[in-house]
Amino acid sequence: MARKAHNRRAMESAQHEIAATAARLVVEEGLEYGPAKRRAAKQLGLPARAPLPDNDLLEASVREYLQLFCADTQPGELVALRRLAAAWMERLAEFRPHLCGAVWHGTATRLSDIYLQLFCDDPKTAEITLIDKGVDYEARTVTGFNGEAVEALSLSARCAELGEMIGVHLMIHDHDHVRGALRPDSQGRRPRGNLDDLRALMAAEGEGAGHGRGFRRHPPQAPGRRRGRRRRGRRGWPGLVAHPAGARRRWRRRPAAGADLRVPGREPPAHGRLPGSPPAGELLGHLVPALRGGNAASRPLFP
């Protein structure tokens with residue numbers, strides 16, 4: 001009995017260590033829970049068959065990590081992601097979208113993706129709608145919340161508040177599965193919510209208007225200047241021009257032709273000369289006679 005208790009404590013300690021390491025990977029690298037747990041176990045040198053922590057323990061570790069290291073930035077990033085999710089839920093309202101994942105539970109950062117579950121009468125109607133609106137997407141098959149294979153449509157949308165491209169994943173479910181999707185999880189929470197639930201959640205947490213705590217506003221600009229055009233899709237949906245995730249452009253101003261690049265008050269160094277050394281012509285005057293066989297010792301090299 002004592003040996004079994006010792007093994008159980010050792011296993012629980014290893015699971016907590018894996019959860020702490022995986023939480024850092026989730027927050028800092030944006031990994032999903034499954035890959036983060038496997039990489040954490042590998043980094044800790046544990047065997048491949050080591051028991052991994054469940055998602056509840058990992059989520060608790062993620063919340064603790066966010067509270068310790070990201071308390072000044074994560075709330076604002078969560079607000080921006082929830083607003084972007086609400087915008088997409090409005091566009092796809094006819095397919096009964098429900099938000100789930102880290103954005104719904106409140107543990108998302110700027111590296112997190114948005115997961116929307118659509119409950120359609122016809123699974124192809126959502127894909128046809130994206131095609132009609134000119135949205136570039138990638139279709140694949142994933143495992144749904146009920147264990148069945150479902151189709152997922154992945155695309156990139158620009159978040160204006162964060163200034164980055166965010167991944168948006170649409171999981172297509174049958175309309176009859178919406179009732180089972182609202183069952184409470186192991187912690188008694190709703191695992192997903194529709195647009196009204198999201199708005200009520202944002203209002204309860206003070207995210208309905210303005211910027212969230214920790215979000216940096218853009219500095220005020222001079223009158224007559226604009227920050228940039230808002231790109232639109234072919235049929236009028238804003239932000240539908242797909243870009244590679246995380247793609248950024250850095251612009252550098254080139255100096256004008258003939259511009260003086262010297263620093264004021266600082267003279268350029270005399271390249272090739274040591275302090276107190278003679279000019280190059282005088283130095284050659286001492287070396288050339290020596291190379292021709294003359295006697296240069298009678299003249300001092302450095303007067």
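Taken over region 114-132, the criterion of being in contact (Cβ under 8 Å) with a residue 60 or more places away in the chain and in contact with a helix residue (DSSP H, G or I) (Cβ under 8 Å, 6 or more places away or on another chain) is satisfied by Gln117, Phe119.
Condition test on Glu138, is it of a type in the set (D, E, K, R) and in contact (Cβ under 8 Å) with a residue 24 or more places away in the chain? So Glu138 fails the test. Screening Gly106 with (1) crowded, with 17+ Cβ neighbours inside 10 Å; (2) in contact with a helix residue (DSSP H, G or I) (Cβ under 9 Å, 6 or more places away or on another chain) gives one miss only, at (1).
For region 155-165: of the residues being in contact with a helix residue (DSSP H, G or I) (Cβ under 6 Å, 6 or more places away or on another chain) and more than 17 Å from Glu90 (Cα to Cα), which is surrounded by the most Cβ atoms within 10 Å (Cβ to Cβ)?
So, considering only residues that are in contact with a helix residue (DSSP H, G or I) (Cβ under 6 Å, 6 or more places away or on another chain) and more than 17 Å from Glu90 (Cα to Cα), the one surrounded by the most Cβ atoms within 10 Å (Cβ to Cβ) is Glu161.
Only residues that are part of a strand (DSSP E or B) and buried (at least 18 other Cβ atoms within 10 Å of the Cβ) were counted across region 166-192, and they come to 8.
Yes/no matrix, rows are residues, columns are (1) within 17 Å of Asn194 (Cβ to Cβ); (2) surrounded by 16 or more Cβ atoms within 10 Å (Cβ to Cβ):
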| site | (1), (2) |
| --- | --- |
| Ala71 | no, no |
| Leu84 | yes, yes |
| Gly101 | yes, yes |
| Arg110 | no, yes |
| Gly144 | no, yes |
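Restricted to region 29-44, and to residues there that are under 19 Å from Val142 (Cα atoms) and aliphatic (A, V, I, L, M), the residue that is surrounded by the fewest Cβ atoms within 10 Å (Cβ to Cβ) is Leu31.
Taking the criterion of being part of a loop (DSSP other than H, G, I, E, B) and aliphatic (A, V, I, L, M), the only residue of region 129-151 that qualifies is Val135.
Check off (1) exposed (fewer than 15 other Cβ atoms within 10 Å of the Cβ); (2) modelled with pLDDT under 95 for Val150 and give me the number that stays unchecked. Of the numbered conditions (1) exposed (fewer than 15 other Cβ atoms within 10 Å of the Cβ); (2) modelled with pLDDT under 95, the odd one out for Val150 is (1). Scan region 29-65 for residues that are within 19 Å of the chain's Cα centre (by Cα) and in contact (Cβ under 8 Å) with a residue 24 or more places away in the chain and jot them down. Those that are within 19 Å of the chain's Cα centre (by Cα) and in contact (Cβ under 8 Å) with a residue 24 or more places away in the chain: Glu29, Gly30, Tyr33, Glu59, Val62, Arg63, Tyr65. When Ala203, Ala209 are checked against the criterion of being modelled with pLDDT of 90 or more and surrounded by fewer than 18 Cβ atoms within 10 Å (Cβ to Cβ), a single residue qualifies: Ala203. The residues listed here are Ala80, Ala87, Ala60, Ala50; of these, the one that is at negative phi and not in a helix (DSSP H, G or I) is Ala50.
The values are calculated or read from the model by the stated rules, or taken from the named source; none is laboratory data. Model, not experiment: these values are computed from the prediction. For neighbour counting, all protein chains shown are included, and Cβ atoms are generated from backbone atoms with ideal geometry for every residue, glycine included.
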